[in-house]
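To keep things clear, I will list the structure first and then write my remarks on it.
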């Protein structure tokens, strides 16, 4: 009996200890996984108790550098929470309640950008070996203050210990200001958002075909001519931007003083700016200003669209290298960082093949071909930058023809060029289109105009800058990763931030946090609070309310939200879903074609886009000649979603066709076939739609008019065919098939 009594006592003690532990970590509603810090720290312990941060709380700084960070903390605290604290640099207060910032060598961390953050009931300590590390500790401390409704109210911070440091040195964002110009205020806002995410490298794309954006004193025409074009271009509404001069020309540039101002601002946020001066290609703006630097001598005009243009810097003229070295000398004088980006991507060799000067250069230098001429070009620039104590970095095409020995590769055409460069002993920044191009679409439907492609938030979160294919002894060559924002379709602030966020938030965790700390579901929960921080900054971002709708069995619809545990609301009567609609809990089954409309509503009541799906869509087989190919999921041609349609691989000729044969004859009163795309046009200008009752004999139903073909049906359709009747000058898209009386709205 006594044995049983002792066992029960022991069990009770264990239960009490466990209960105490649970209280220890959750009494104040905070656990290690609920701190909502992005990026996730390397190590976090949460304890019982809290520290109250109020206007009476002093902030102690132990030196001049920590004082700078303390002042930043005080300013941010005032803006974000309405608390106006005082910074104390007298060195007193060691035993007083307050926030202590300390830069010390007595910090055991594996990276100089790391920090310790400790919160007790009477004090907060942030310690680091560098000012940069201290700054990142402050970023985490600020994120512990959840977005507030009442400014000026004291904030309860949970007792905890955080030990944190970055996984990679290069944690970057890129912004193209050439396709569209952005003000200095917006550049600073982007830098603020990067600092918030502990990112430290801003790749500033300053020259392109469509605009030269940096003042060069020795060559004033670069900005007098190269910074302006006739209109906004890219088939955009001129009202989408305000950057016009008194002549009505579109564009702009940054003066030397403005660049110095932005560099100083970036340095205060511990962000290094990497300027990009494109060469040898993507140089139309420069050649429009100085056509003598081309192979043909011009004249040229600044293009109003994107693309790759044959006219590039002439590699055979010494004047070209003199010009570029003079330009780079002024760039080097302005930018203190060690890297200068020279582009090096997408350089056609057409003009070089026809240029006497370039061919003479190939012969004199004993080069094999134009690829080696590009390598020669890059080598000369790399040698010049090395003499100036700078490092050349370029897109992965700089490997073509042989890589300059001191060059760093930015791998954008997938991960393979970066893997090979690292194996060859070159430093690499990973920035593949598969994960890091933030001008791509973010979901399959209901998204603003973008350049194309698809990179979802979760795709970004799965990015691994150092792939396992890289040998262990070469992994140190992977400096880190970078997200790229190209702006062909993004002419203003809100368009850029919408595409950047929250994908930048996901990227920040992949380049900062240890791989074993990354968890998609946990990140998704923390992100919900993080979005409130963005909203408090008045930043436009994409609400992550995507829905994947699948019909794995005919008539059975399954829906999955973009973020785990998000609630999906739906209707089947054609009305717009909202908070009072049905909540999706299990697969839906329909006997007849039915329109399902659905949207995600986040816990803070933010609503995503409305997504539509038609159940019981016709099943069919495809027969097409080589002029057509099916993009993504061809059965979704009945959904109207972009990128789920048929698109020609090139401009189709007369007699190109696409035939769909249904598994079962389809009954409807009328058929509509929509062509073209709101982003690209690509309508069928000359074509017909034919239908067949038996799948073999076809009769004409309708011709295309303004991209649409409409016709009444007098029999059940077994097959339909879209035929091109005249050569087209551009690609075409068959976007949507619509059978009237097909869809039930209950």
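The values are calculated or read from the model by the stated rules, or taken from the named source; none is laboratory data. What you see is a predicted model, and the numbers here were worked out from it, not measured in a lab. Don't worry about glycine lacking a Cβ; one is built from the backbone with ideal geometry, like all the others, and counts go over all protein chains shown.
Worth pointing out:
- Residues within the range 281-300 that are under 25 Å from residue 231 (Cα atoms), without any contact (Cβ under 8 Å) to a residue 60 or more places away in the chain and either outside the structural domain of residue 365 (by TED's automatic domain parsing) or not in a helix (DSSP H, G or I) (or both), tallied: 5
- For residue 721, the requirement of being crowded, with 18+ Cβ neighbours inside 10 Å, touching a residue at least 12 places away in the same chain (Cβ under 8 Å) and farther than 20 Å from residue 616 by Cα is met.
- Condition met for residue 303 (in a loop (DSSP other than H, G, I, E, B) and modelled with pLDDT of 95 or more): yes
- Some residue of the range 176-185 being in a helix (DSSP H, G or I) and surrounded by fewer than 22 Cβ atoms within 10 Å (Cβ to Cβ): yes
- Members of the range 576-592 that are surrounded by 19 or more Cβ atoms within 10 Å (Cβ to Cβ) and part of a loop (DSSP other than H, G, I, E, B): 577, 581, 584, 590
- Subset of the range 341-374 (residues that are buried (at least 19 other Cβ atoms within 10 Å of the Cβ) and part of a helix (DSSP H, G or I)): 351, 352, 358, 361, 362, 370, 373, 374
- Residue ID - farthest from the chain's Cα centre (by Cα), chosen from residues in the range 413-441 that are part of a loop (DSSP other than H, G, I, E, B) and under 16 Å from residue 488 (Cβ atoms): 433
- Scanning the range 645-663 for residues being crowded, with 18+ Cβ neighbours inside 10 Å, at pLDDT 85 or above and assigned to a loop (DSSP other than H, G, I, E, B) gives a total of 2.
- Within the option set 151, 173, 196, being modelled with pLDDT of 95 or more, surrounded by fewer than 24 Cβ atoms within 10 Å (Cβ to Cβ) and touching a helix residue (DSSP H, G or I) at 6+ places or on another chain (Cβ under 7 Å) holds for one residue only, 196.
Conditions tested, residue by residue: (1) under 22 Å from the mean Cα position of the chain (by Cα); (2) on the phi > 0 side of the Ramachandran plot; (3) crowded, with 23+ Cβ neighbours inside 10 Å; (4) assigned by TED's automatic domain parsing to the domain that holds residue 314.
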{"residue": "202", "(1), (2), (3), (4)": "yes, no, yes, yes"}
{"residue": "227", "(1), (2), (3), (4)": "no, no, yes, yes"}
{"residue": "239", "(1), (2), (3), (4)": "no, no, no, yes"}
{"residue": "256", "(1), (2), (3), (4)": "no, no, no, yes"}
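- Residue 57 passes every criterion in (1) surrounded by 17 or more Cβ atoms within 10 Å (Cβ to Cβ); (2) in contact with a strand residue (DSSP E or B) (Cβ under 7 Å, 6 or more places away or on another chain); (3) assigned to a loop (DSSP other than H, G, I, E, B); (4) in contact (Cβ under 8 Å) with a residue 60 or more places away in the chain apart from (4).
- Selection of the range 383-394 for residues being surrounded by fewer than 22 Cβ atoms within 10 Å (Cβ to Cβ), outside any loop (DSSP other than H, G, I, E, B) and touching a residue at least 24 places away in the same chain (Cβ under 8 Å) yields 384, 391.
- Looking only at residues of the range 545-554 that are out of contact with any strand residue (DSSP E or B) (no Cβ under 6 Å at 6 or more places or on another chain) and surrounded by fewer than 21 Cβ atoms within 10 Å (Cβ to Cβ), we find that the one that is modelled with the highest pLDDT is 553.
- Number of residues in the range 468-516 that are part of a helix (DSSP H, G or I) and surrounded by fewer than 17 Cβ atoms within 10 Å (Cβ to Cβ): the value is 7.
- Given (1) surrounded by fewer than 17 Cβ atoms within 10 Å (Cβ to Cβ); (2) under 25 Å from residue 518 (Cα atoms); (3) touching a helix residue (DSSP H, G or I) at 6+ places or on another chain (Cβ under 8 Å), number of the condition residue 414 does not satisfy: (3)
- Qualifying positions in the range 249-263 - outside any strand (DSSP E or B) and either in contact (Cβ under 8 Å) with a residue 12 or more places away in the chain or touching a helix residue (DSSP H, G or I) at 6+ places or on another chain (Cβ under 9 Å) (or both): 249, 252, 253, 255, 256, 258, 259, 260, 261, 262, 263
- Whether a residue is surrounded by fewer than 21 Cβ atoms within 10 Å (Cβ to Cβ), closer than 26 Å to residue 334 by Cβ and out of contact with any helix residue (DSSP H, G or I) (no Cβ under 9 Å at 6 or more places or on another chain) was assessed, and residue 245 passes this test.
- Residues in the range 397-415 that are touching a residue at least 40 places away in the same chain (Cβ under 8 Å) and under 24 Å from residue 366 (Cα atoms): 397, 398.
- If you go through the range 130-148 and keep only what is surrounded by fewer than 21 Cβ atoms within 10 Å (Cβ to Cβ) and more than 26 Å from the chain's Cα centre (by Cα), you end up with 130, 131, 145, 148.
- Residue within the range 92-114 that is part of a helix (DSSP H, G or I), touching a residue at least 12 places away in the same chain (Cβ under 8 Å) and within 20 Å of residue 45 (Cβ to Cβ) present: no
- For the range 693-715, the count of residues that are in contact (Cβ under 8 Å) with a residue 24 or more places away in the chain, closer than 12 Å to residue 654 by Cα and under 41 Å from the mean Cα position of the chain (by Cα) is zero.
- With respect to the conditions (1) in a helix (DSSP H, G or I); (2) modelled with pLDDT under 95, residue 404 falls short on a single one, namely (1).
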